[in-house]
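What follows draws every value from the coordinates through simple rules; no lab data is involved. Because the structure is predicted, anything quoted here is derived from the model rather than measured. Reconstructed Cβ throughout: ideal geometry from the backbone, glycine too, with neighbour counts over all protein chains shown.
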Amino acid sequence: MKRFLPWIALLALTSVPMWLKDPYLLNAFVTTGIFIVAAMSLNLLLGYTGQLSLGHVAFFGIGAYTSALVSLGFDVELVGGFRVIHEPWPVWLGFIMAILVSGLCGYIVGKLSFRVRGAYFVIVTISFAEVVRLVALNWVELTQGPLALTSIPPMALGLPGLGYFEFFSKQSNFYLVLGVVALSYVIISRLVNSRIGRAMVALKENESLAVSVGIDVTRYLVLAAVVSAGIAGAAGSLYAHYLKIIDPDVFLFLYTVTMVIMVISGGKGTLAGPIVGGLIFGFIPVVARSFAAPEIQWILYGLFMILIVFVLPQGIVPAIEKWFGVGEEPGVPGAAAAKIQDAR
Amino acid sequence: MDARSTQAQPALSIEHIAVHFGGLVAISDMSFVVNEGEVVSLIGPNGAGKTTAFNVITGFLRPTQGEVRYRGSSLNNLKPHEVTSLGLARTFQRTSVFQSVSVFENVMIGLHRRGRSRLWDTLLALPRERESERELRARAAEILALVGIERRSRELAGSLAYGDQRLLGVALALAADPSMLLLDEPVSGMNATETARFMHLLDCLRGLGVTILLVEHDMPMVMGVSDRIVVLNYGRIIAEGPPAAIQGNPEVIRAYLGQGAKKRARD
Ligand SMILES: Nc1ncnc2c1ncn2[C@@H]1O[C@H](COP(=O)(O)OP(=O)(O)OP(=O)(O)O)[C@@H](O)[C@H]1O
Ligand SMILES: [Mg+2]
């Protein structure tokens, strides 16, 4: 049963644009989906290696700017009169570059955090995000600073000569985002259910024991940071090409907080957690808007968050699994348990 | 035993090791060897420096001076996971398991170095990934059976009885496929039956050719399993030799054995 749940959910979500025609709600689905991707990437670090990246929005924002700039082109003068001119590239290349550049930044942050864990990791990531935000704000020649990058083209897929498909409509963007959510889910679930994921959990649970069984924990922390940052960059790229305008506010700390809330409420260290938490907290403002004033909306948001954390400290998904008993025996995948029987 | 010592091949050699913590001398000028296939015990009163010695050997601490070698290569500048890769695995004095995952997953984590799948195998779910996982699961089941906690494999490690957690700690060390095992007070807190079972496990491991360095306060056990004993007091080696000689050594009796009985009563 549990094996098919992701497929059932995917199928159900695929049907949404067929019966939901309200553009406002479709828009909510798309933006929520983008943040779900970002939250999933945060969960890889927080839920599996146990490291809280409170500057996670940096990777999101770097992805957004990279993708926008690669597809818009730019012309900047570096120190010493050295001029860099970049002609616009196809948008899908911008998407790829966003993943690569964000992943590279994840690598750098991971390496900086060599031997740095817990509170220090939080500080390193926050500082990184602040530095990147200041660069985006002040390097006006490249980023337009507070004036924002505008007229960002929509995402387009295709090859020269074969024609392009442009993601203009809300429906098409819905499917694009759903596709990225599904792909990220597959990547993360394969990683965490492997020897690599076990090494990450070992780092989270007991670092000295992990190294004593021969796990190079730094290597897996860096790997997690790279994959996590790359996926966050992909989310940022989707964001830029959907909204078609970005300014340094994409680096708002509030966005990181939103991701953290999605992960914690849904259940960190579970695959479905960020999706469930993301849907709930993505749609609270939408639902609340229909009957409450803006102040009340935020109060509701806060109350709901506090309620979840108090009632279900592990998050919603682990609670549901316990309730229905669908969660396998703690930590033993069903297949593994069966194999123990075989091996006897 | 005599036959063994005539063809003795040193596996681990500790050469003039000293460890200072600020002004405190935890170990001063310690030298001894452990030969291939031997069971050597390191004993001494609380605070003598036994755990510190383990930490130096396994790369958790840098010695202030001296050198540690295993099968000819120096361990001095290696990180703990690199030391493990050379075939040295340890257990910890304080119970140490991955609390919130199952017993079986614990051993799967411990088998990390045996996994053969690369990042691409995992991401693309290639056959090698599945094959490697299948091998690891079979091996994990074997190790759990060897230490005798296979019936607990689906339970959370943190919910095991104390004695079983200690055994799981040994299973984790064994999962790293060591040629030498360092055990820090493995039977402390175990009852008599569990201790007897553990001694049987030690016999099995010795039969498999694993070299063992043991730290333990349980004297009947130490005397029963050791080929040789090294006695440490205030960071210095005060005696070294076969169990019979150590038992009769007046300095050892004064420094430790008289007091060891007291400690056992307290435990
Ligand atoms: N990290 C450290 N920093 C400072 N002092 C330490 C540290 N680790 C150990 N010591 C000190 O070094 C001495 C030796 O400690 P160690 O833990 O090696 O003793 P032990 O022989 O294992 O004792 P026990 O039988 O109680 O386990 C003690 O005086 C201890 O307080
Ligand atoms: Mg000790």
Which entries in the list A:Lys268/A:Lys322; A:Lys111/B:Lys79; A:Lys204/A:Lys322; A:Lys2/A:Lys268; A:Lys111/A:Lys244; A:Lys268/B:Lys79 go over 27 Å, if you measure between the two C-alpha atoms of each? A:Lys111/A:Lys244; A:Lys268/B:Lys79
Considering every residue in B:140-147, what mean count of other chain Cβ atoms within 10 Å of its Cβ is obtained? 2
Least to most buried among B:Glu129, B:Glu194, by other C-beta atoms within 10 Å and fewest first, runs B:Glu194, B:Glu129
Are there trypsin sites (Lys or Arg not before Pro) in region A:110-147 that DSSP puts in a loop and that have at most 11 other Cβ atoms within 10 Å, and which ones? A:Arg115
Mean-square fluctuation check for chain B, GNM, Cα pairs under 10 Å: which of B:Ser74, B:Ser41, B:Ser179 is largest? B:Ser74
Cα centroid separation - region A:102-124 against region A:1-80, whole Å: 21 Å
Tell me, how many Å apart are the Cα centres for region A:150-198 and for region A:221-242? 12 Å
Among B:Leu182, B:Leu208, B:Leu168, which one moves the most in a GNM of chain B with springs linking Cα atoms closer than 10 Å? B:Leu208
Report relative contact order for chain B in percent, whole number only (criteria: Cα-Cα under 8 Å, sequence separation at least 6). 25 percent
Give me the inter-chain shielding for B:110-120: mean count of other chain Cβ atoms within 10 Å, whole number please. 4
Highest-fluctuation residue, A:Val122, A:Val79, A:Val181 considered, GNM on chain A with Cα pairs under 10 Å: A:Val79
Global form of chain B, assessed from the alpha-carbon gyration tensor, a/c cut-off 1.5: prolate
Exposure-ranked with fewest Cβ neighbours within 10 Å first, B:Asp177, A:Asp22, B:Asp203 stand as A:Asp22, B:Asp203, B:Asp177
Hey, what did region B:98-159 get for relative contact order, percent, Cα under 8 Å, at least 6 apart? 57 percent
Computed [θ] at 222 nm, deg cm²/dmol, chain A (DSSP H ≥ 4; -39,500 (n - 2.57); rounded to nearest 500): -22000 deg cm²/dmol
Amide H contacts under 5 Å for B:Asp29, placed H, 5+ residues apart: B:Ala18, B:Val19
To the nearest 20 debye, what charge dipole does region A:24-271 have about its Cα centre, counting +1 at the Cβ of each Lys and Arg and -1 at the Cβ of each Asp and Glu? 780 debye
To the nearest µm²/s, what D does Stokes-Einstein give for the protein assembly as shown at 4 °C and 1.567 mPa s, using the Kirkwood radius over alpha carbon pairs as Rh? 48 µm²/s
Quantify how strongly other chains surround peptide A:188-196 by giving the mean number of their Cβ atoms within 10 Å of each of its Cβ atoms. 5
Per 10 Å bin, what percent of the C-alpha pairs of region A:91-243 does each bin hold, from zero upward? 10, 30, 31, 20, 8, 1
Where both residues lie in the protein assembly as shown, what percent of DSSP beta bridges are antiparallel, nearest 5? 65 percent
Calculated over region B:77-187: convex hull of Cα atoms, volume per residue (Å³): 114 Å³
For region A:1-134, shape from the Cα gyration tensor axes a ≥ b ≥ c, cut at a/c of 1.5 then a/b versus b/c, turns out oblate
Note down the relative contact order for chain A as a percent, whole number, built from C-alpha pairs under 8 angstrom at least six residues apart. 28 percent
Over region B:98-159, the quotient of the Cα radius of gyration and 2.2 N^0.38 Å is 1.20
What is the order of A:Lys322, B:Lys50, fewest Cβ neighbours within 10 Å to most? A:Lys322, B:Lys50
Normalised convex hull volume, region A:91-153, alpha-carbon set, Å³ per residue: 93 Å³
Hey, what do the phi angles of region B:86-97 turn into as Karplus ³J(HN,Hα) couplings, whole Hz, using 6.51/-1.76/1.60 and θ = phi - 60°, x for Gly and Pro? 7, x, 9, 10, 10, 10, 10, 5, 7, 3, 9, 9
Evaluate Rg over Rh across chain A, taking Cα atoms for both radii and Kirkwood's formula for Rh. 0.98
Counting pairwise Cα distances across region A:161-280, what percent come out greater than 22 angstrom? 48 percent
